[in-house]
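The structure appears right after this line, and notes come after that.
Bear in mind these aren't lab numbers, they're just calculated from the coordinates by the rules spelled out. On a predicted model such as this, the values are computed, not experimentally measured, just so you know. All Cβ positions, even for glycine, are placed from backbone atoms using ideal geometry, and neighbour counts span all protein chains on display.
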Amino acid sequence: MRRNIDAWLPYLEQGVEAIVMTASGCGVTVREYAHYLEHDPAYAEKAQRIAAATRDLSEIVLAEQAALKQLLPNKPPEAKTKVAVHTPCTLQHGQKINGVLEALLTVAGYEVADASERHLCCGSAGTYSILQPELSQRLLQNKITALEVNRPECIVTANIGCLMQLQGGTQKPVSHWIELVEAALKPA
């Protein structure tokens, strides 16, 4: 944490507005730096600055939603790709960011499949999948069943651990949601 703070703080001092995290697990941890280092006289204030500047990628794209709409090429009307969204626990419970991925994917032209039990963990949870493999696999199967109920063509998420866990439980492609937004930005 201290090395990250030492690496990032000069950028904030030079005017950088945000530290953007593309993996929700990393984002929730960096946002907790202030808590972890609150009793460190040399780093408490620095950790607070870093935590306050940390943003999830979805927050940045959401703030620029109008620009995203303008960047999208005019594509002929066709069947939209149906996607299922797994919002990682670290995004929905840790960072309290809910519904943003679905909204951004809809703006990007995808059909977001309804998924039941959105609050359920996929069973990855860091080392949890290694330390509790049986329970992890049960959670994975429950999550895959919920995500695939409306027959999406693919599954997206916002955390690498979840992505790897989900891909191990399905034949459908699983990717980071920003990859689909990037694909939507390319001309037909």
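Within segment 141-188, which residues are free of Cβ contacts under 8 Å to residues at least 12 places away in the same chain and either over 20 Å from PRO73 (Cβ atoms) or touching a helix residue (DSSP H, G or I) at 6+ places or on another chain (Cβ under 9 Å) (or both)?
THR145, GLN167, GLN171
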Are any residues in segment 136-174 under 13 Å from PRO88 (Cα atoms) and hydroxyl-bearing (Ser, Thr, Tyr), and if so, which ones?
THR157
Among the candidates ALA66, ALA158, ALA113, ALA103, single out the residue that is out of contact with any strand residue (DSSP E or B) (no Cβ under 9 Å at 6 or more places or on another chain) and either of a type in the set (A, V, I, L, M) or more than 28 Å from VAL20 (Cβ to Cβ) (or both).
ALA66
Entirely in segment 33-141, the helices (runs of 4 or more DSSP H) that have 1 or more residues that are of a type in the set (Phe, Trp, Tyr), touching a Lys or Arg at 6+ places or on another chain (Cβ under 9 Å) and crowded, with 20+ Cβ neighbours inside 10 Å
33-36
Residue list for segment 142-179, filter: hydrophobic (A, V, I, L, M, F, W, C), part of a helix (DSSP H, G or I) and either in contact with a Cys (Cβ under 6 Å, 6 or more places away or on another chain) or crowded, with 21+ Cβ neighbours inside 10 Å (or both)
ILE144, LEU147, CYS162, LEU163, LEU166, TRP177
